[in-house]
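Taken together, the values in this text are just the output of simple stated rules run on the coordinates, not laboratory data. Just so it is clear, the structure is predicted and the values come from calculations on it, not from any experiment. Cβ coordinates were reconstructed from backbone atoms using ideal geometry, including for glycine residues, and neighbour counts include every protein chain displayed.
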Amino acid sequence: MDLLNKYVQIEKDLAGGVPVFRGTRVTIKTLFDYLEEESLEEFLKGFPSVTREQAEGVIEMAADKFINELVA
């Protein structure tokens, strides 16, 4: 299973097809919105259904994509 499928779920019947953390209803966008104002620790406290592994995995994927686009 690749990292995207390990951590992210996209289904039209779940949150209208917006990407969420696998096994939750917490959108990926919520993590990044939250990180604009708060720490990862605070996000995890506020959304206990999301694991640290999931959150860190999504952040890592986003960083890798950003870096790859910069050097492309």
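Each Lys or Arg adds one and each Asp or Glu takes one away; over the other residues whose Cβ falls under 12 Å from the Cβ of Gly46, this sums to -4. Taking 8 Å as the Cα distance limit and 6 or more residues as the minimum spacing, I'd like the relative contact order of region 1-60 as a percentage. Normalised by residue count, the contact order of region 1-60 is 29 percent.
Extension gain for the segment Lys6 to Thr27, taken as residue separation times 0.36 nm less the Cα-Cα distance, is 6.1 nm to one decimal. Note that region 3-71 carries a Kirkwood radius of 12.4 Å, evaluated over its alpha carbons pair by pair.
Each Lys or Arg adds one and each Asp or Glu takes one away; over the other residues whose Cβ falls under 13 Å from the Cβ of Phe21, this sums to +2.
Here is the list for the chain: trypsin sites (Lys or Arg not before Pro) lying in DSSP coil, each with at most 12 other C-beta atoms within 10 angstrom of its C-beta, are Lys12. Computed from phi, the 3J(HN,Hα) profile of region 51-62 under the Karplus parametrisation 6.51, -1.76, 1.60 (θ = phi - 60°) reads 7, 4, 4, 4, 4, 5, x, 5, 4, 4, 4, 5 Hz, with x in place of Gly and Pro.
Restricting the chain to GluC sites (Glu not before Pro) that sit in a DSSP loop and have at most 15 other Cβ atoms within 10 Å of their own Cβ leaves Glu36, Glu37, Glu38. Connecting C-alpha atoms closer than 10 Å in a GNM of the chain, tell me which of Gly16, Gly46, Gly57 has the biggest fluctuation. Of Gly16, Gly46, Gly57, the Gaussian network model singles out Gly16 as fluctuating most.
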